[in-house]
There are 2 protein chains.
Amino acid sequence: VQANVVVLPKADAFDFLLFCIRNPKPCPIVEVLEPGSVTPFRSAPEADMRTDVPLYRVYREGELIAEVPDIRDYWREDFVTFLIGCSYTTDGVLGAAGIRLRNLENDNSGPMFKTSVACEPAGRFSGPLVVSMRPMTPRDAIQATSITARLPRFHGAPVHIGDPAAIGISNIDEPDYGEPLPLLDGELPVFWGCGVTPQAVALESRTELMITHAPGHMFVTSIREAAEEV
Amino acid sequence: VQANVVVLPKADAFDFLLFCIRNPKPCPIVEVLEPGSVTPFRSAPEADMRTDVPLYRVYREGELIAEVPDIRDYWREDFVTFLIGCSYTTDGVLGAAGIRLRNLENDNSGPMFKTSVACEPAGRFSGPLVVSMRPMTPRDAIQATSITARLPRFHGAPVHIGDPAAIGISNIDEPDYGEPLPLLDGELPVFWGCGVTPQAVALESRTELMITHAPGHMFVTSIREAAEEV
């Protein structure tokens with residue numbers, strides 16, 4: 001199980017945790033660490049969150065100030081680390097069920113879009129839902145919906161199937177994040193809540209300091225996908 | 001849907017929310033309000049949390065200081081209200097499925113026990129899991145497990161079935177809360193995480209101030225049970 005990482009000062013942690021539980025589809029919580037703790041005892045008990053993410057981004061009041069492989073120089077005792085479910089885990093589960101994932105076939109990072117759907121705000125945190133899109137046949141879309149509905153810790157069931165305009169996406173070939181993945185004949189676009197959402201929302205709220213993983217450099221936990229499928 | 005109520009100062013709210021998400025079976029979150037907010041916009045948008053619980057208990061550093069029908073005199077702008085799933089909702093769902101609930105037959109409030117199972121701690125909050133017990137035939141126990149596994153917002157699947165001693169209950173006829181309900185021939189005791197847990201844990205941690213509903217005087221939300229069964 002891979003996880004998206006968000007580190008915030010304690011002063012912002014209650015609002016951010018509340019934002020996550022009010023928006024479980026884009027922000028499924030894998031683990032939240034105690035203030036100052038660097039060890040995710042439940043999901044990776046031998047890890048150190050200051051050094052074991054492959055690449056970090058450091059933001060001050062919404063501006064990127066550093067991209068570094070180690071955050072020991074930035075660490076503070078009031079930092080709270082959030083590990084949030086990542087759609088790469090969903091890909092693993094869907095692939096194992098025999099569902100065709102064209103993003104993986106093409107070594108494509110997959111398209112992600114800001115939508116016109118507002119997240120439920122919490123304190124200082126508010127903003128649009130970001131979704132990932134997978135092109136699927138109707139048959140695969142149904143199977144993928146059934147499977148992911150049982151995986152609330154990995155974004156759960158889709159938030160939308162079909163017409164992109166219905167959720168404010170004007171051009172399906174111009175994603176806001178990731179890479180385009182054109183639909184083939186007979187395919188529907190299937191949209192899931194995306195773990196980019198909480199980072200995007202925290203960035204826009206210009207918190208005093210925020211540290212995240214760099215895109216494509218998620219934290220790898222010790223949890224096996226299969227253990228989460230129950 | 002009825003809810004257990006816990007009101008705490010903002011200073012304790014992050015730890016308590018983290019305690020709830022780490023212990024979802026005894027502490028399923030129905031809604032958490034913004035600091036100072038008295039309106040549960042998601043579950044009872046016309047309610048006022050200062051007046052609309054039938055009876056409140058006010059605790060200072062773990063000591064009961066008042067039992068009142070209105071908390072406007074105690075209200076502070078830094079208060080955070082937690083609404084936590086209540087097992088009475090589970091009874092409604094199980095009864096509708098044709099499962100025999102002897103607690104309801106006998107107008108019994110149902111037995112609840114402190115167990116030897118520790119909750120996962122979070123910050124200042126730690127303590128034992130409290131469970132409710134329902135006596136059931138094996139057939140009903142299986143059906144009730146299947147049904148409640150799909151209701152994570154109302155304590156989810158049982159935490160234990162059978163031998164009370166395995167979870168540290170020495171005498172099934174002497175509950176720590178509620179009333180005894182002796183087993184009939186052929187019945188198993190079936191144990192669910194109980195919403196008394198977070199109150200008991202918060203009490204033991206002797207927070208500066210805590211307000212809860214009085215036993216048996218839960219908050220009634222506007223959510224219909226049926227809407228939660230999906």
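The values are calculated or read from the model by the stated rules, or taken from the named source; none is laboratory data. Here the structure is a predicted model, which means the values were calculated and not measured. With ideal geometry, Cβ positions are generated from the backbone for all residues, glycine too; neighbour counts draw on all protein chains shown. Just so you know, the surface numbers come from the protein's heavy atoms only, side chains and all, with ligands and any DNA or RNA stripped out. Shrake-Rupley method; radii C 1.70, N 1.55, O 1.52, S 1.80 Å.
Okay, here's what the table says:
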quantity: Pick from region A:26-60, criterion assigned to a loop (DSSP other than H, G, I, E, B) and basic (Lys, Arg), ranking: surrounded by the fewest Cβ atoms within 10 Å (Cβ to Cβ); calculated: A:ARG42
quantity: Pairs where the first residue, in region A:135-151, is within 24 Å of A:ASP185 (Cβ to Cβ) and the second is part of a helix (DSSP H, G or I), C-beta under 7 Å, 6+ apart; calculated: A:PRO135/A:ARG102; A:MET136/A:ALA144; A:ALA144/A:LEU94
quantity: Long-range neighbours under 9 Å by Cβ, at least six apart or interchain, first residue under 21 Å from B:PHE219 (Cα atoms) and at the interface with chain A (Cβ under 8 Å from one of its Cβ atoms) within region B:1-25, second open to solvent by 10 Å² or more (accessible area, probe 1.4 Å) and at pLDDT below 95; calculated: B:LEU17/A:ILE21; B:LEU17/B:ILE29; B:ILE21/A:ILE21; B:ILE21/A:ILE29; B:ILE21/B:ILE29
quantity: Where a residue in region A:165-176 is at pLDDT below 95 and its partner, wherever it lies, is open to solvent by less than 30 Å² (accessible area, probe 1.4 Å) and not in a helix (DSSP H, G or I), with Cβ under 6 Å and at least six apart; calculated: A:ASP176/A:PHE113
quantity: Positions within region A:146-162 being over 18 Å from the mean Cα position of the chain (by Cα) and either within 14 Å of chain B (Cβ to nearest Cβ) or part of a helix (DSSP H, G or I) (or both), in sequence order; calculated: A:SER146, A:ILE147
quantity: Boolean, B:LEU55 is within 14 Å of chain A (Cβ to nearest Cβ) and either closer than 20 Å to B:LEU209 by Cβ or within 18 Å of the chain's Cα centre (by Cα) (or both); calculated: no
quantity: Candidate set from region A:90-131 (those that are of a type in the set (A, V, I, L, M, F, W, C) and more than 21 Å from A:VAL201 (Cβ to Cβ)); member that is farthest from the other protein chains (Cβ to nearest Cβ); calculated: A:LEU104
quantity: Hits in region A:116-127 (condition: surrounded by fewer than 20 Cβ atoms within 10 Å (Cβ to Cβ) and not β-branched (Val, Ile, Thr)); calculated: A:SER116, A:ALA118, A:GLU120, A:PRO121, A:GLY123, A:ARG124, A:SER126, A:GLY127
quantity: Residues of region A:61-85 that turn out to be part of a strand (DSSP E or B), surrounded by fewer than 20 Cβ atoms within 10 Å (Cβ to Cβ) and touching a strand residue (DSSP E or B) at 6+ places or on another chain (Cβ under 7 Å), as a count; calculated: 5
quantity: Test: residue in region A:86-101 that is outside any loop (DSSP other than H, G, I, E, B) and modelled with pLDDT of 95 or more; calculated: no
